[in-house]
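Okay, so here's the structure we're looking at.
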Amino acid sequence: MDQHIAESIGRPDLIRLDDRLVCLRFETMKAVSALAAVRHLLETGAVRRGDTLLDSSSGIYAYALALACHRYGMRCHIVGSTTVDHTLRTQLAVLGATLEQMEPCSDLKLDQKRRVERIHEILAEHPEYHWMRQYHDDIHYLGYAAVADLIRETLGTDGLTVVGGVGSGASTGALARYLRAAPEGRGPAGRAADVELVGVQPYGSITFGAGHVADPEIIIAGIGSSIPFGNVSHELYDALHWIAFDAALAGSVDLLRRHAVFAGLSSGAAYLAARHERDRSPERTVLFVAADTGHRYADTVHARHRQAARICDLTPQEVTDQSRLALPWSRMQWNRARATAP
């Protein structure tokens with residue numbers, strides 16, 4: 001039996017959509033990393049119950065950290081993006097978290113920059129606060145070990161492709177690291193687990209070199225960044241998909257219409273990329289990450305279902321380097337290369 005709702009919210013479901021396409025569906029994915037990170041900090045003495053934990057968030061991590069703080073008796077202070085909606089603001093307030101939300105801004109790069117600057121101002125005023133550094137600290141990888149165990153026990157690691165948003169690197173990167181490293185993933189001849197990792201990025205994200213291509217709609221919050229992230233392990237990724245808002249919207253709508261999975265915008269992008277990977281590699285099973293439910297996207301994404309393109313009409317442009325990236329969808333082999341210079 002769970003001891004707190006955060007444990008239940010963080011536990012994913014594995015849903016088979018067809019013979020070779022599987023959805024790893026979370027209610028709130030980052031509850032996994034936030035709970036494990038806070039527990040580790042307490043166990044190691046880095047923080048004590050009653051301390052204040054501080055971080056920046058575009059939405060989903062704010063809720064996750066507030067839940068983890070509620071679970072372990074901590075205080076929570078969030079510097080929130082302009083994208084934090086009324087429902088989340090209300091939840092954070094009732095949970096006792098402090099939210100400082102940035103003023104409306106159409107430039108996400110400026111929004112992220114202002115949030116980081118505000119974090120440093122708060123730390124100068126309150127050096128006793130602990131900055132969680134979700135974008136920079138590998139501590140956020142820890143919670144995905146149990147998720148990797150679930151995947152291994154259910155699907156195995158022979159011919160498995162994992163697809164999902166890159167974000168801070170702490171979800172898809174962690175899953176690949178644990179699935180590849182686990183002894184259970186090795187066969188009798190010592191062959192390493194056959195796990196490929198495919199990352200999904202929005203245009204405008206500098207993480208894999210797409211900062212020069214703008215999406216006329218929005219940069220999809222949470223799966224990319226216009227500022228450097230310190231805990232993305234580029235060498236874990238085999239391929240990358242860059243997907244624009246309109247294509248991700250089509251994926252989200254089709255995921256609900258075809259499979260009744262109500263999920264967010266990044267999930268729609270991952271679903272679109274996963275279908276493509278399934279079709280290009282008929283011998284592999286493809287698992288994609290649906291990071292959260294679709295509730296906060298109901299008005300901006302799902303309500304536009306009549307405008308959504310048919311996903312059968314969408315296909316990625318294969319590129320060999322980032323200078324050739326083009327909307328609405330591009331794909332590139334990354335081949336586990338290290339980060340390139342910005």
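The values are calculated or read from the model by the stated rules, or taken from the named source; none is laboratory data. For clarity, every value in this text was computed on a predicted model and none was experimentally measured. Methodologically, a virtual Cβ is constructed for each residue, glycine included, from the backbone with ideal geometry; neighbour enumeration extends over all protein chains shown.
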If I filter region 98-123 down to residues being charged (D, E, K, R) and either modelled with pLDDT of 80 or more or more than 20 Å from residue 211 (Cβ to Cβ) (or both), which single residue comes out as farthest from the chain's Cα centre (by Cα)? 121
With respect to residue 240, is the statement that it is under 15 Å from residue 200 (Cβ atoms) and either among the hydrophobic types (A, V, I, L, M, F, W, C) or touching a residue at least 60 places away in the same chain (Cβ under 8 Å) (or both) true? yes
Considering region 6-16 alone, what residues qualify as being assigned to a strand (DSSP E or B) and either acidic (Asp, Glu) or crowded, with 19+ Cβ neighbours inside 10 Å (or both)? 13
Enumeration of residues in region 297-318 that are closer than 30 Å to residue 148 by Cβ and out of contact with any helix residue (DSSP H, G or I) (no Cβ under 7 Å at 6 or more places or on another chain): 318
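Yes/no matrix, rows are residues, columns are (1) touching a residue at least 24 places away in the same chain (Cβ under 8 Å); (2) aromatic (Phe, Trp, Tyr):
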| position | (1), (2) |
| --- | --- |
| 72 | yes, yes |
| 85 | yes, no |
| 98 | no, no |
| 116 | yes, no |
| 159 | yes, no |
| 176 | yes, no |
Which of the following residues is in contact with a Gly (Cβ under 6 Å, 6 or more places away or on another chain), modelled with pLDDT of 95 or more and of a type in the set (A, V, I, L, M): 239, 263, 214, 290? 263
Scope region 246-298; condition crowded, with 19+ Cβ neighbours inside 10 Å, small (Gly, Ala, Ser) and part of a loop (DSSP other than H, G, I, E, B); matching residues: 264, 291, 294
Going by the structure shown, is residue 48 outside the structural domain of residue 266 (by TED's automatic domain parsing), over 21 Å from residue 265 (Cα atoms), basic (Lys, Arg) and loosely packed, with under 15 Cβ neighbours inside 10 Å? yes
Among the β-branched types (Val, Ile, Thr), without any contact (Cβ under 8 Å) to a residue 60 or more places away in the chain and in contact with a strand residue (DSSP E or B) (Cβ under 7 Å, 6 or more places away or on another chain), is that true of residue 253? no
Does any residue of region 132-151 turn out to be in contact with a strand residue (DSSP E or B) (Cβ under 9 Å, 6 or more places away or on another chain), in a helix (DSSP H, G or I) and outside the structural domain of residue 277 (by TED's automatic domain parsing)? no
Answer with yes or no whether residue 232 is part of a loop (DSSP other than H, G, I, E, B), aliphatic (A, V, I, L, M) and closer than 21 Å to residue 321 by Cβ. yes
Residue check, residue 154 of a type in the set (S, T, N, Q), in contact (Cβ under 8 Å) with a residue 60 or more places away in the chain and surrounded by fewer than 17 Cβ atoms within 10 Å (Cβ to Cβ): yes
Restricting attention to region 17-45, and to residues there that are surrounded by fewer than 23 Cβ atoms within 10 Å (Cβ to Cβ) and part of a loop (DSSP other than H, G, I, E, B), which single residue is farthest from the chain's Cα centre (by Cα)? 45
Based on what the data block shows, is residue 337 more than 19 Å from the chain's Cα centre (by Cα) and either under 22 Å from residue 197 (Cβ atoms) or of a type in the set (D, E, K, R) (or both)? yes
